[in-house]
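Note sheet for the following structure.
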Amino acid sequence: MNRRKFNNYLSLAAMGSIIGTPIVFGKKLPAGYIPLGLQDPDPFSMFKKDKEMVVLNDKPWNMEAQAHLLDDKITPNKYMFIRNNGKIPTAIDVNSWKLIIDGESVNQKKTYSLNELKSKFKQYTYQLTLECGGNGRSEFNPPAKGNQWTIGAVACANWTGVRLKDVLEDVGIKSDAVYIGYHAADTHLSGDPTKEPISRGVPIAKALQEETLIAFKMNGEAIPLAHGYPLRLVCGGWPASASGKWLTSISVRNKVHDGPKMVGSSYRVPCKPVAPGEKVDDEDMCIIESMPVKSLITYPKTGATIKTGQQLSIRGHAWAGELEVTKMEYSIDFGSTWKKCDLAMASNRLAWQHFKASIRFPEKGYYEVWARATDSQSNSQPMVLPGWNPKGYLNNACHRIAVKVV
Ligand SMILES: Nc1nc2c(c(=O)[nH]1)N[C@H]1C(S)=C(S)[C@@H](COP(=O)(O)O)O[C@H]1N2
Ligand SMILES: [Mo]
């Protein structure tokens, strides 16, 4: 059924019910005109994303950036990847929104309104790097199921909120607390209201870090709907799946949290390296914690052309989960030799660091610039691919751009 037919075919009442509210001046609709509210949702305008963002899935919405879009030091919303496991909640009422803190390891369950959270606790702002555990999945062979992220499921925004630590202190937690698990308002794709799309968490030590926030602002404004409005847990440096969006409760657990996508093989990698394609039992899979060292060249865009004799300025970001990036290098000879980049300190722990370099090429022709970061424990990025794992997580291979000298 094409759109024109769709309009002629549907009664005004039917169109209104699809939109969710009556079309007030519906009788004045020009013949054949399709109300915008009935057209295919345009994710770019719906989520205020740049048109160069790449949509990987629409049920649920998943969208990634390209390297050159991530050039800003602090990622604006329009370039921030979206990873949803379920349906974005609708009809959010901030006045009645509650955050419940419960679980086996709290003395007594406690409930906070948004206003209580904001007025009772000191607010902090940190730049926090969030990278999906599956970023880079598309390169693994044999391929892994799931969103085929290339390099764009990472961002570093400014997050403002209260410390989870302060809230947990206010509630009072028992000495047997080992983990926290989040619960959220998004709904399961099946429509089954008893199922949660995702409910993950972090060990209590991570929960009590100063930078672990219950956030209500992103880049100085209310968190955009797709990123967790009105409240979000933010655990920088860990797989972003630990940062629960649309946060409604946090359970303090006396065991490892066991919500959906926390168990089985989700966000887990083989505890010991395996051969590509090997089957791994769930009990031999370990939960991903801090993300590995990685970097991105965000300028220039791959395919850049420069004139002989000119130097090429490159820049980008590097991050290393809980660790600091201590060295940043580039290679123009496919990894045979490496030269140092200038590397800035992080503006706070768990924020990505910026690097730059000015490159001289020996003669005309095709080159690739490869970038490699090393962390404070001397781990560096693999040149092509890290160890294969069944779900295609943690691809921290060197980012590469093509350059022609003409
Ligand atoms: N409630 C809820 N929180 C969630 C998710 C989700 O589907 N529902 N997805 C997680 C995953 S897997 C990732 S990678 C990040 C993505 O965050 P973003 O969409 O703000 O970039 O959110 C995490 N938090
Ligand atoms: Mo993710």
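Let's see how each residue does on (1) surrounded by 23 or more Cβ atoms within 10 Å (Cβ to Cβ); (2) small (Gly, Ala, Ser); (3) within 15 Å of ligand 1 (Cβ to nearest atom); (4) free of Cβ contacts under 8 Å to residues at least 24 places away in the same chain:
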site	(1), (2), (3), (4)
GLY244	yes, yes, yes, no
TYR267	yes, no, yes, no
ASP281	no, no, no, yes
CYS286	no, no, no, yes
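Being under 21 Å from the mean Cα position of the chain (by Cα), of a type outside the set (A, V, I, L, M) and crowded, with 16+ Cβ neighbours inside 10 Å narrows it down to one of ARG349, ARG315, so name that one. Break it down into steps so the answer makes sense when it comes.
Details: ARG315 fails: under 21 Å from the mean Cα position of the chain (by Cα).
Only one candidate qualifies: ARG349.
Looking at the range 255-269, is at least one residue farther than 21 Å from ILE74 by Cβ, touching a Cys at 6+ places or on another chain (Cβ under 9 Å) and outside any strand (DSSP E or B)?
For the range 255-269, residues farther than 21 Å from ILE74 by Cβ, touching a Cys at 6+ places or on another chain (Cβ under 9 Å) and outside any strand (DSSP E or B): absent.
What is the one condition in (1) modelled with pLDDT of 95 or more; (2) over 28 Å from CYS132 (Cα atoms) that GLY309 does not satisfy?
GLY309 satisfies every listed condition except (1).
Say we look at the range 374-393 and pick out the residues that are out of contact with any strand residue (DSSP E or B) (no Cβ under 6 Å at 6 or more places or on another chain) and more than 19 Å from GLU329 (Cβ to Cβ); which of these is surrounded by the most Cβ atoms within 10 Å (Cβ to Cβ)?
By that ranking, first place goes to GLY392.
Kindly evaluate GLU104 against the criterion of being assigned to a loop (DSSP other than H, G, I, E, B), assigned by TED's automatic domain parsing to the domain that holds GLY146 and either under 30 Å from GLY172 (Cα atoms) or within 12 Å of ligand 1 (Cβ to nearest atom) (or both).
Yes, satisfied.
If SER45 satisfies all but one of (1) loosely packed, with under 14 Cβ neighbours inside 10 Å; (2) touching a residue at least 12 places away in the same chain (Cβ under 8 Å); (3) of a type in the set (Ser, Thr, Tyr); (4) not in a loop (DSSP other than H, G, I, E, B), what's the number of the condition it fails?
Among (1) loosely packed, with under 14 Cβ neighbours inside 10 Å; (2) touching a residue at least 12 places away in the same chain (Cβ under 8 Å); (3) of a type in the set (Ser, Thr, Tyr); (4) not in a loop (DSSP other than H, G, I, E, B), SER45 violates only (2).
Let me spell it out: the conditions are (1) more than 10 Å from ligand 1 (Cβ to nearest atom); (2) surrounded by 19 or more Cβ atoms within 10 Å (Cβ to Cβ), and GLY277 meets all of them except one. Which number is the exception?
(2)
Being more than 15 Å from ligand 2 (Cβ to nearest atom) and outside the structural domain of GLY136 (by TED's automatic domain parsing) is true for just one of GLU324, GLU278, GLU283. Which residue is that?
GLU324
Considering each of ILE250, ILE288, ILE297 in turn, give the residue that is under 24 Å from the mean Cα position of the chain (by Cα), within 16 Å of ligand 2 (Cβ to nearest atom), modelled with pLDDT of 95 or more and not hydroxyl-bearing (Ser, Thr, Tyr).
ILE288
Could you run through the range 163-206 and say how many residues are within 16 Å of ligand 2 (Cβ to nearest atom), under 20 Å from TRP97 (Cα atoms) and not small (Gly, Ala, Ser)?
Going through the range 163-206 one residue at a time, the tally reaches 5.
Within the range 130-148, is even one residue farther than 30 Å from TRP388 by Cβ and assigned by TED's automatic domain parsing to the domain that holds LYS245?
Kept after step one, since they are farther than 30 Å from TRP388 by Cβ, are these residues of the range 130-148: none.
No, every residue in the range 130-148 fails to be farther than 30 Å from TRP388 by Cβ and assigned by TED's automatic domain parsing to the domain that holds LYS245.
Restricting attention to the range 184-211, report how many residues are of a type outside the set (Gly, Ala, Ser) and in contact with a Gly (Cβ under 8 Å, 6 or more places away or on another chain).
Qualifying residue count, the range 184-211: 9.
Would you be able to tell me the number of residues in the range 77-91 that are farther than 21 Å from ASP192 by Cβ, surrounded by 18 or more Cβ atoms within 10 Å (Cβ to Cβ) and more than 6 Å from ligand 1 (Cβ to nearest atom)?
2
Kindly list, by first and then second residue, each pair from a residue in the range 66-88 that is part of a strand (DSSP E or B) to a residue that is among the hydroxyl-bearing types (Ser, Thr, Tyr) and buried (at least 17 other Cβ atoms within 10 Å of the Cβ), limited to pairs with Cβ atoms under 6 Å and residues at least 6 apart or on different chains.
Close Cβ pairs (under 6 Å, with a partner that is among the hydroxyl-bearing types (Ser, Thr, Tyr) and buried (at least 17 other Cβ atoms within 10 Å of the Cβ)) amount to LYS87/THR187.
Give me the pairs, please: first residue somewhere in the range 18-32 and among the small types (Gly, Ala, Ser), second residue anywhere and outside any loop (DSSP other than H, G, I, E, B), beta-carbon distance under 8 Å, and either six or more positions apart or on two chains.
Pairs found: GLY26/LEU12; GLY26/MET15; GLY26/GLY16; ALA31/ASN8; GLY32/ARG4; GLY32/ASN7; GLY32/ASN8.
Applying the selection to the range 54-84, what residues are within 11 Å of the chain's Cα centre (by Cα) and of a type in the set (Asp, Glu)?
GLU64, the sole residue that qualifies.
Looking at PRO260, PRO239, PRO224 in this structure, which one is surrounded by fewer than 21 Cβ atoms within 10 Å (Cβ to Cβ), closer than 30 Å to THR160 by Cβ, within 16 Å of ligand 2 (Cβ to nearest atom) and modelled with pLDDT of 95 or more?
The unique qualifying residue is PRO260.
Restricting the range 128-157 to residues that are of a type in the set (S, T, N, Q) and either surrounded by fewer than 24 Cβ atoms within 10 Å (Cβ to Cβ) or within 13 Å of ligand 2 (Cβ to nearest atom) (or both), which is nearest to GLY236 (Cα to Cα)?
Applying the filter and picking the extreme gives ASN135.
Can you find a residue that is within 16 Å of ligand 1 (Cβ to nearest atom) and touching a His at 6+ places or on another chain (Cβ under 8 Å) anywhere in the range 160-173?
Among the residues of the range 160-173, not one is within 16 Å of ligand 1 (Cβ to nearest atom) and touching a His at 6+ places or on another chain (Cβ under 8 Å), which makes the answer no.
The values are calculated or read from the model by the stated rules, or taken from the named source; none is laboratory data. No experiment lies behind these values; they were computed from the predicted model shown. Cβ coordinates were reconstructed from backbone atoms using ideal geometry, including for glycine residues, and neighbour counts include every protein chain displayed.
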